[in-house]
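Since every read-out is calculated from the coordinates, none of them should be taken as a lab result. Everything quoted here is computed from the prediction, not taken from an experiment. Cβ placement follows ideal geometry from the backbone for every residue including glycine, while neighbour counts extend to all protein chains displayed.
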Amino acid sequence: MQTLIRSLNHQIDNTVKYILLLLIFVCPGTSWPQVNPVPSSEVKAVFLFNFANFVDWPSTSLLSPGEPFIIGVLGENPFGSYLEKSVLNEKKDGHPLVIKYFSNIEEAKNCRILFINLQSPEQLHHTLMAIKGLNILTVSDAPEFAKSGGMIRFFIVNNKVRFQVNMEAVKDANLVISSKMLRLAEVLNSEGP
Amino acid sequence: MIKTVTFFNRLVRVFRHNEWHSTQYIMAGGSRVRIISFIFLLLFSLTSTLRAEQDTTSVTAALKKLSMEELMNIEVTSVSKTPQKLTEVASAIQVITNDDIEQSGATRLPEALRLAPNLEVAQVNSHDWAISARGFNAAPLNGSTLADKLLVMIDGRTIYTPLFGGVFWDVQNVLLEDVDRIEVVSGPGGTLWGDNAVNGVINVISKSADQTQGLYASASAGSFLQDHAAVRYGGQLAPNLFYRVYGQFFDQTNTLLHDTSNRDNWNMVQGGFRVDYFATEKNSLTVQGDLYWGLENTPTNLIVNGQNILGRWTHRFSDSSDLRVQAYFDHTYRNYSHIAFDDDLKTYDLDAQHQFSLFKRNHIVWGAGFRLMDDSVRNSPSLVLRDSHLDLILLSAFLQDQITLVRNWLELTLGTKLSSNHYTGFEIQPSARLAFTPNIHNTIWAAVSRAVHTPSRIDADQVFPSMNILNTNLVSEKVIAYELGYRVEPFKRMAISVAGYYNTYTDLRSIDIDAQSPSGVIFENNQRAQTWGVELSVNYWIFDWWHLRGGYNYLSKQFESTSSSVLSGSAVFEGIDPKNQAMLQSVFKLPKGIQFEAVGRYTDSLPASILTPYVPHYFSLDLRLAWTYKKFEFFVVGKDLLSSSHREFGAEQIPRSIYGGITCRL
């Protein structure tokens with residue numbers, strides 16, 4: 001194979017090379033003006049930003065003046081730089097929104113919103129237990145997330161982002177989700193066991 | 001001609017080599033060329049990264065302005081999305097969007113297809129159309145045409161009559177409001193699409209029910225299209241369960257024949273529904289159906305009616321892997337009272353398709369299908385098929401592998417379709433496609449494919465009037481197609497696509513002199529042909545308020561008989577095509593909700609055939625003026641304005657016409 005490639009390489013005709021380079025240079029172009037589907041992670045990042053405005057944290061856990069409102073990501077970052085872009089110059093009740101990335105749940109306890117990018121039920125269970133009782137809005141993509149005690153789970157139906165809310169877990173953390181947001185969510189049985 | 005063909009062949013070779021070499025820019029090592037190309041590559045990736053950064057900032061900013069409800073309606077793709085279909089990357093695809101259709105003033109599917117620059121679309125009379133790609137728009141016959149080298153699908157349902165191997169365009173009246181897009185691929189789509197996709201594939205894709213919620217009502221009246229009314233309502237039964245129902249009817253009056261009124265007026269009533277159930281993240285289910293009833297003068301009554309129902313279940317294993325299982329039933333009935341001939345066709349179809357990624361570099365699509373066409377005819381004095389009832393079974397399977405040779409740079413797709421049909425048995429239709437994408441604004445592609453057209457009932461079963469000795473030795477018509485294309489965005493807001501092709505056809509249908517036949521002729525496979533041509537299309541968003549789209553086609557073809565018994569005129573019988581054609585659509589969005597649209601077309605002359613007269617070249621112009629006020633839109637459309645009437649395919653003259661109406665969307 002290597003010899004074949006090399007022999008082909010030797011055959012490169014100067015004219016062909018020239019045409020190729022010309023093509024690339026003459027055609028700088030820009031993106032298609034058509035509306036292309038948006039990456040799901042970008043839409044989810046904007047949802048996370050929106051959640052900051054549609055959820056109320058208890059008055060017992062007020063942030064001190066100037067302290068940032070932290071949106072954290074635990075595990076591998078699936079958002080690229082979308083999260084930074086969506087909170088750029090944004091504030092919640094005067095506190096600047098800041099994105100932080102964590103690999104260990106113990107470091108993530110100062111978050112207000114935590115996106116948990118872990119898939120295995122054991123890891124999820126361990127993580128959720130570690131922050132039980134704290135006023136952290138937990139969000140994830142993991143299939144069993146809401147059922148294993150997480151609060152908000154994103155899922156995709158017909159190429160559109162939807163989310164599920166586990167009311168029980170939200171109440172346990174003393175958080176209040178606005179009714180406007182709840183109307184859009186798929187609410188899991190709030191009666192529960 | 002031969003010289004040009006040789007030149008074209010050489011061009012194909014040059015480009016194919018070019019593509020091979022381009023891989024070496026990154027794969028091979030050691031030379032000066034490699035270093036230079038690496039620098040260029042770096043520059044390109046840098047500039048495109050910068051561009052991407054800017055783009056995403058503005059997209060994110062735009063998304064932030066939306067309400068959460070609106071956010072939930074944004075169509076998203078997963079990052080590790082399914083590789084783009086190669087039919088889109090490496091083929092001459094043209095897409096007609098819902099907006100394009102609405103802005104053109106088209107009221108029926110064939111009119112909408114005029115917007116695809118890579119199709120030949122000619123209105124034969126009030127209800128019949130001749131539609132083809134890359135030539136072979138064949139002679140008209142009994143209320144349709146023999147054009148048989150195009151595969152047409154509506155939401156996955158193949159619209160095919162085994163009677164002559166083509167499409168009855170009069171009865172394909174989808175509600176255009178609910179059409180999401182129409183994809184038109186010129187060139188053989190043999191690998192994935194099945195038999196008879198010899199010269200092209202038309203794929204009509206309607207919106208899912210959740211995208212058509214609420215009320216749509218439209219009514220119009222005019223001079224040629226006398227009246228047209230359509231109503232659709234879409235609703236939600238459960239959080240993940242959506243539906244829509246629709247109904248429409250129209251009356252269209254006569255064309256002219258020798259400057260006096262012809263008798264080919266017709267009307268049709270149609271209704272249907274669609275239900276989409278997004279059961280879980282991984283499973284979705286679609287059920288849809290239509291029924292119609294119509295009466296056409298041809299010049300006496302032709303009664304048409306039909307029903308169809310389709311179910312499709314899609315299971316997503318992951319972002320790049322899914323399984324789709326689909327079944328449909330289609331009933332088409334036509335009663336030609338003027339020749340006392342009936343055709344009653346029931347089609348049962350089941351197919352499954354599975355796609356997945358393999359070893360990172362391969363994306364496999366494979367599938368299999370079963371189709372039963374239960375066809376019954378009432379033979380008439382002027383048209384007799386040997387078997388008045390025939391069950392035609394079609395078995396097919398396909399396998400395609402899209403191989404990433406160099407990521408984001410060079411992709412090769414190899415595939416083949418295997419099928420078994422009633423008349424010619426086993427057929428194999430392989431293809432190879434290569435797409436070279438030096439950057440996101442330039443794609444060069446090339447393809448070589450083989451496709452077949454299997455005989456239809458009129459070819460293989462007709463015992464009268466053309467023959468009483470049946471030709472049981474008819475074989476499939478074959479094409480080997482060489483294609484080369486280039487898609488580019490030369491600057492912001494403009495997209496250009498050029499495709500060239502060189503096709504060689506063998507065993508084409510011929511009309512041969514046969515002394516033993518009472519009519520003196522018989523169908524044989526004694527023709528060969530070579531065609532070559534160029535298709536150009538341009539989309540240009542000059543300003544936010546002015547959009548131009550247009551195209552130009554050149555077609556050259558050369559027929560050759562392989563037997564001395566072939567009737568002269570046999571070649572024109574198979575292909576009544578314009579050498580040149582062009583179209584241009586212009587859309588102005590003016591202040592205060594006013595829109596002004598124009599569609600201009602030029603079609604070259606058509607030669608006279610055994611069944612049709614010479615048709616002179618013509619220009620035509622359609623204009624549409626619309627005003628949107630709140631939920632209402634008022635419109636007036638003038639069609640074929642440049643002359644009082646013109647001929648497009650046969651002797652019938654299409655009159656200049658006007659219609660106006662009102663649309664309401666709640």
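Fully extending the segment from residue B:245 to residue B:480 would add 80.3 nm, taking 0.36 nm per residue of separation and subtracting the current Cα-Cα distance. Could you work out the Rg to Rh ratio of chain B, with Rh taken as the Kirkwood radius (inverse of the mean 1/r over all Cα pairs)? Value, to two decimals: 0.96.
Taking a straight line from the alpha carbon of residue B:492, these lysines sit under 23 Å away, with near neighbours fewer than eight places off in the same chain left out: B:589.
Sparsely packed loop sites in the stretch B:383-443 (the trypsin sites (Lys or Arg not before Pro) outside DSSP H, G, I, E and B with at most 10 other Cβ atoms within 10 Å) comprise B:407.
Once the Cα-Cα distance is subtracted from the 0.36 nm per residue extended length, the residue B:348 to residue B:315 segment shows a gain of 9.6 nm.
Extension gain for the segment residue B:66 to residue B:382, taken as residue separation times 0.36 nm less the Cα-Cα distance, is 107.3 nm to one decimal. Checking the Cα-Cα distances for B:478/B:557; B:207/B:631; B:207/B:282; A:91/B:64; A:109/B:64; A:160/B:207 against a 18 Å cut-off, the pairs over it are B:207/B:631; B:207/B:282; A:109/B:64.
Taking the Cα centre of chain B as origin, sum charge times position over the Cβ atoms of Lys and Arg (+1) and Asp and Glu (-1), and report the length of that vector in debye to the nearest 20. Spell out each step's value before the answer.
Values: 57 positive and 66 negative charges, 469 e Å.
Dipole of chain B, to the nearest 20 debye: 2260 debye.
For a paramagnetic label modelled on residue B:285 (point 7 Å from Cα along Cα→Cβ), amide N atoms under 11 Å away belong, within the stretch B:307-332, to B:312-314. Taking all C-alpha pairs of the stretch B:201-266, those more than 19 Å from each other amount to 56 percent.
Between residue A:88 and residue B:545, what FRET efficiency comes out of the Förster formula 1/(1 + (r/R0)^6) with R0 = 35 Å and r the beta carbon distance, rounded to 0.05?
Numbers: r = 31 Å, r/R0 = 0.88.
For residue B:545 and residue A:88, the calculated efficiency is 0.70.
Here A:122, B:120 are placed in order of increasing Cβ neighbour count within 10 Å, fewest first, which gives A:122, B:120.
Sequentially through the stretch B:619-632, phi angles give Karplus couplings (6.51, -1.76, 1.60; θ = phi - 60°) of 10, 9, 9, 10, 10, 9, 10, 9, 10, 9, 10, 6, 8, 10 Hz, Gly and Pro residues having no value and appearing as x. The distance separating the Cα centre of the stretch B:292-370 from that of the stretch B:484-526 comes to 25 Å.
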